[in-house]
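Worksheet: the structure to be examined is printed underneath.
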6 protein chains.
Amino acid sequence: MPIVQISLVQGRTPERKEQLIKKVTDAIVEALQIPKERVHIVLNEVTKENIGRGGVPLSKLDS
Amino acid sequence: MPIVQISLVQGRTPERKEQLIKKVTDAIVEALQIPKERVHIVLNEVTKENIGRGGVPLSKLDS
Amino acid sequence: MPIVQISLVQGRTPERKEQLIKKVTDAIVEALQIPKERVHIVLNEVTKENIGRGGVPLSKLDS
Amino acid sequence: MPIVQISLVQGRTPERKEQLIKKVTDAIVEALQIPKERVHIVLNEVTKENIGRGGVPLSKLDS
Amino acid sequence: MPIVQISLVQGRTPERKEQLIKKVTDAIVEALQIPKERVHIVLNEVTKENIGRGGVPLSKLDS
Amino acid sequence: MPIVQISLVQGRTPERKEQLIKKVTDAIVEALQIPKERVHIVLNEVTKENIGRGGVPLSKLDS
């Protein structure tokens, strides 16, 4: 603990996701004053078709 | 908020998932009396192999 | 399945939450054409202090 | 209910995942004294690139 | 990893929940052949009012 | 999107949680290059009794 789940739109590069994991871990370590080994993160990549905002899939909102 | 996550068996058509997002959003708007822009939905499609019911994967229950 | 988790701001009445469960279930039944007994919903009530939007807790945004 | 979600590293065989579903269901039935039909499990398989531990993706930790 | 979340009806004793954590961990260790220190479990206790089955809160189904 | 859920041990002060929300949001904005208004965070505070590590509740590990 803490355990972090981040749902985000699919398609970021491995480098970008690595940055995300690094920066979010650092933020938690700083805010909660805990060793970074205790921070677990799971990225949940979701297609735009499977995300709804205001009743409409993101795949439709962007087009 | 609200944030809705729906885990469902993989394989519905995009049209069916679009209907799901639309109807669930409308239901929440009506029940909670909030603007529909505030409703976020994430669909989590799962293979039958990865769903267990009564100790058995759905992929085995259907065959 | 499907399994639905809805995170919402704490404090709705039992009647309002009962309506939410009923209407969301009906919406899923209609969209996916499945028996309503298969729809499982979990409401996750969250205090405004524990919800962040744009980097700020909802408890601060409303005041 | 209960509803169980297990996030695990992607790549186990179907047989291994079937064993996981069976054994976890049995464990819950024994601990909570409930009929096994009430236990729902969802496996969430995640790539090593999408799992962070101590600020680093598992895909980097293993290499 | 693995990370396990179990949503269950509120109200089990601490002893019962301790048994649940122990038995589910053992089941995962046996099925996946991993060291038990790697198994993280979070119990999510939910009131019957906040659980829906077939469109009705559990608090109504039991009475 | 993105939607972030952070499960953490119950009992941080409101100020600490506000810092957590702020810093994690900033980290995501920087890593993904998105407007901060799009970042939604939900904190899930869990008692030590309801967290298992290595088969034992945290409430037992600390004593």
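Things worth noting here:
- Residue list for region A:35-61, filter: within 11 Å of chain D (Cβ to nearest Cβ) and either among the aromatic types (F, W, Y) or outside any strand (DSSP E or B) (or both): A:P35, A:K36, A:E37, A:R38, A:V39
- Scan of region A:35-60 for residues that are in contact (Cβ under 8 Å) with a residue 12 or more places away in the chain and of a type outside the set (S, T, N, Q), ordered by number: A:R38, A:V39, A:H40, A:I41, A:V42, A:L43, A:E45, A:V46, A:K48, A:I51, A:L58
- Only one entry of F:V9, F:V4 meets the criterion of being in contact (Cβ under 8 Å) with a residue 40 or more places away in the chain and under 13 Å from the mean Cα position of the chain (by Cα), and that entry is F:V9.
- When the test is whether a residue is touching a helix residue (DSSP H, G or I) at 6+ places or on another chain (Cβ under 6 Å), buried (at least 19 other Cβ atoms within 10 Å of the Cβ), modelled with pLDDT of 95 or more and basic (K, R), E:K17 does not pass it.
- The residues of region A:6-63 that are under 16 Å from F:A27 (Cα atoms) and among the acidic types (D, E), listed by number, are A:E15, A:E18, A:D26, A:E30.
- So C:I6, is it in contact with a helix residue (DSSP H, G or I) (Cβ under 6 Å, 6 or more places away or on another chain), in a strand (DSSP E or B) and within 30 Å of B:P14 (Cβ to Cβ): no
- Residue in region E:36-56 that is on the phi > 0 side of the Ramachandran plot and buried (at least 16 other Cβ atoms within 10 Å of the Cβ) present: yes
- Among the residues of region B:16-58, those that are small (G, A, S) and closer than 13 Å to C:M1 by Cα comprise B:G52, B:G54.
- Selected residue (criterion: farthest from the chain's Cα centre (by Cα)) from residues of region A:12-34 that are assigned to a helix (DSSP H, G or I) and β-branched (V, I, T): A:V29
- Scanning region D:11-34 for residues that are in contact with a Ser or Thr (Cβ under 9 Å, 6 or more places away or on another chain) and either more than 8 Å from chain B (Cβ to nearest Cβ) or of a type in the set (A, V, I, L, M, F, W, C) (or both) yields D:G11, D:A27.
- Here E:G11 fulfils each of the conditions (1) buried (at least 19 other Cβ atoms within 10 Å of the Cβ); (2) at positive phi apart from (1).
The values are calculated or read from the model by the stated rules, or taken from the named source; none is laboratory data. The shown structure was predicted, so the numbers you read here are calculated from the model rather than taken from an experiment. Virtual Cβ from ideal backbone geometry, glycine too; neighbours counted across all protein chains shown.
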